[in-house]
Amino acid sequence: MITPAFELSQDPDFLTVKIRVPYARASEFDIYFEGEDFKFYAKPYFLRQASHFFACRLTLPGRIVEDGREKASYNTDEGIGTFTIQLPKEVPGQYFEGLDMLTSLLAPKKSRSAKPLVEEMAASAELSEEDEEEFDWEIEQIPYEESTPPLQHPYGFGNLRSGVFQRLQDELSDVIDLKDPDQTPAEERRRRRWAAEAAKFEPDHYLADFFEDEAIKHLLKYKPWWIDAHKKMTALQGESHQEHDSSAFVVFSEEEREQMRKFTNKSYLLDKRSRRHVYLGLIDILLAYCYEICVNEGDKNVESSWNIRKLSATLCWLESFSSIHDVLVSFGRRVLCYPLYRHFELVTRAFSDTVMILQLGKAAVLKCLLDIHKIFMESDPAYILNDLFITDYCIWIQKVKSKKLAALCESLQKTRLSKSHVGLELEELEAAAVLVQEEEKALKAAGTVSKQQLLCSESETSDSEESSSTSSSETEGSDSDEQESSTSEDGEINSFQGTLQEERTAPLIDCNGLRQGTSTWAMEVGDGKSKGSLQSTTPPGKLVEELEMQIHSAMRLSEQPEGLATAGCTSQEQEENPVPEADRFSEDAAGKGNFLEVSPPKPNPLLFVCSTNEDED
């Protein structure tokens with residue numbers, strides 16, 4: 001039996017079924033409908049075996065009736081034969097819920113009672129004792145000891161699975177974070193998960209995203225498909241105040257319909273506690289999916305599978321939650337510990353998106369689950385999570401009552417999550433970071449003021465230096481002018497100054513007739529200040545003349561008075577012991593050093609004495 005592609009729609013009076021059957025003969029098909037049952041059979045002409053045929057057996061959500069208004073047509077315009085069948089509703093105007101839940105429509109209803117699947121029945125009379133196997137009494141009989149298997153803790157959808165990861169040890173580390181899940185109870189899983197999240201949390205990463213949030217703000221502007229669908233639903237409900245078909249807001253693609261047709265319809269026997277875990281796990285998975293859609297702006301990449309399963313503790317740690325608040329705390333902690341973007345606004349955004357999806361109904365939830373199923377199917381290790389959770393969720397959600405989802409959504413809206421709930425000291429970190437930031441701003445402001453003051457002081461100093469240099473240049477210019485005027489006044493004064501210069505540059509002779517250095521120190525004391533000046537009195541052009549004069553002077557002064565010799569020796573001692581260098585510079589009361597000043601040439605008494613003796617001779 002081959003199940004063809006089909007889809008259902010409705011209006012107030014009719015239920016319309018469209019069935020696409022390629023290569024079928026329009027003359028060889030049968031239709032049967034009564035009450036909630038609908039059956040379609042068609043035989044393809046290319047199959048020789050009579051056992052192969054197209055069959056579509058549906059269990060409808062409402063009753064139909066055969067009253068002569070039913071219609072059927074066959075169209076081949078699209079290249080594929082399409083049967084369109086209109087069936088009258090038994091109650092005109094009745095709304096058939098769940099027509100887009102194709103998996104739930106495929107198989108006929110089965111008993112949903114909580115009776116045990118295995119019941120004790122009376123033995124048939126046809127079964128005789130002769131058919132029973134006889135024991136060999138000669139063989140040693142060993143008492144039967146019931147072996148207690150190792151305790152295994154269940155997991156998966158509704159905690160209906162166990163022992164799966166014992167066969168898949170190689171893929172275990174790539175799919176979940178929990179080691180040895182079959183031997184780990186639920187409380188131990190939760191304790192390990194909290195420890196792993198606390199160790200993974202990085203304050204620097206969180207604060208970086210908190211202060212530099214330009215990328216986060218850009219991502220928050222993205223609008224997925226459910227936002228527009230929610231706006232349309234809210235607007236329509238506000239106008240008519242009536243219940244509307246979710247297919248008007250949520251449209252499944254042909255690929256998604258094919259996914260639903262491939263699922264095997266089955267029922268799940270869940271107790272009250274298991275059903276609670278299933279609903280809370282659904283919220284956890286939807287939160288992770290909404291985060292993935294937001295940060296990647298609806299595009300799929302190689303990290304999509306990792307993001308969904310890493311942010312969902314249901315998938316990554318096989319967690320079984322007991323309250324909605326626990327689900328939100330777990331999701332918030334994992335968003336701030338694992339993905340690339342770690343900002344609390346992304347947690348809030350995923351929360352609001354999940355509420356919208358639940359308000360749109362199970363069609364929107366199913367569309368999200370089908371997308372997750374496709375993402376995991378394309379990721380090599382993550383396909384295991386489809387077998388454990390997502391496939392069962394896709395089948396189960398199609399049979400959930402809309403009132404249950406509405407109640408779940410209302411409870412989720414009433415739950416609040418703050419930064420203090422996640423247990424990572426986010427508020428303290430933010431406060432400390434803000435204080436540090438303010439201190440840095442204050443230091444930068446102080447540094448800017450000091451730099452401005454320094455620049456002002458430097459500009460003032462440069463201005464003062466320029467003014468002082470200008471005044472000094474003017475002073476030098478006036479001195480040079482005065483010197484030029486003084487030199488041009490009188491020729492006698494110039495000749496007298498030349499005579500004094502010759503006398504000053506004459507060599508000094510010590511007591512033994514040897515020439516001393518011609519550099520002398522002149523000390524002047526005036527106005528309480530001392531000035532030292534060093535005079536160099538050896539003209540480089542008269543070395544030969546000085547040598548000749550020295551020889552003549554030595555010959556003439558060979559017989560000089562005793563007092564004159566003593567004066568010459570005293571002068572020699574003064575020249576050998578000059579004024580200390582520290583005394584050459586004086587400091588004023590402000591501690592500023594004076595510049596060297598050149599003193600005017602002064603006649604040496606010794607030279608006059610020598611010249612006097614020379615005249616007397």
field: Qualifying residues in the range 365-381 (those that are farther than 13 Å from Ile285 by Cβ and touching a Ser or Thr at 6+ places or on another chain (Cβ under 8 Å)) - the one modelled with the lowest pLDDT
entry: Ser379
task: State which residue is least open to solvent (accessible area, probe 1.4 Å) when the search covers only the range 407-451 and only residues that are of a type in the set (Asp, Glu) and either modelled with pLDDT of 95 or more or more than 23 Å from the chain's Cα centre (by Cα) (or both).
output: Glu410
query: Do any helices (runs of 4 or more DSSP H) lying entirely in the range 277-378 carry at least 2 residues that are of a type in the set (Ser, Thr, Tyr), and which ones are they?
result: 304-311, 344-360
message: Quick test for you: out of Gly35, Gly68, Gly79, pick the one residue that is at pLDDT 80 or above, surrounded by fewer than 14 Cβ atoms within 10 Å (Cβ to Cβ) and assigned to a loop (DSSP other than H, G, I, E, B).
response: Gly68
query: Are there any pairs with C-beta distances below 6 angstrom linking a residue in the range 392-406 that is surrounded by 14 or more Cβ atoms within 10 Å (Cβ to Cβ) to a residue that is basic (Lys, Arg) and modelled with pLDDT of 90 or more, with the two at least 6 apart or on different chains, and if so which?
result: Ile397/Lys362; Val400/Lys362; Leu405/Lys362
statement: Of the residues in the range 4-21, those that are open to solvent by 10 Å² or more (accessible area, probe 1.4 Å) and touching a residue at least 60 places away in the same chain (Cβ under 8 Å) number 11
query: Among all residue pairs at least 6 apart or on different chains, which show Cβ distances below 6 Å where the first residue, located in the range 413-433, is in contact (Cβ under 8 Å) with a residue 12 or more places away in the chain and the second is surrounded by 14 or more Cβ atoms within 10 Å (Cβ to Cβ) and part of a loop (DSSP other than H, G, I, E, B)?
result: Leu424/Phe201
query: Taking the stated definitions as given, is Trp226 at negative phi, outside any loop (DSSP other than H, G, I, E, B), out of contact with any helix residue (DSSP H, G or I) (no Cβ under 6 Å at 6 or more places or on another chain) and assigned by the TED database to the domain that holds Tyr289?
result: no
- prompt: What do you reckon, is Asp204 charged (D, E, K, R), under 17 Å from the mean Cα position of the chain (by Cα) and open to solvent by less than 50 Å² (accessible area, probe 1.4 Å)?
  reply: no
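The values are calculated or read from the model by the stated rules, or taken from the named source; none is laboratory data. As the structure is a prediction and not an experimental result, all values here were calculated from the model. Neighbour counts are summed over all protein chains in view; Cβ atoms, including those assigned to glycine, are modelled from backbone coordinates with ideal geometry. Protein only, heavy atoms only, side chains kept; ligands, DNA and RNA dropped before computing areas. Shrake-Rupley method; radii C 1.70, N 1.55, O 1.52, S 1.80 Å.
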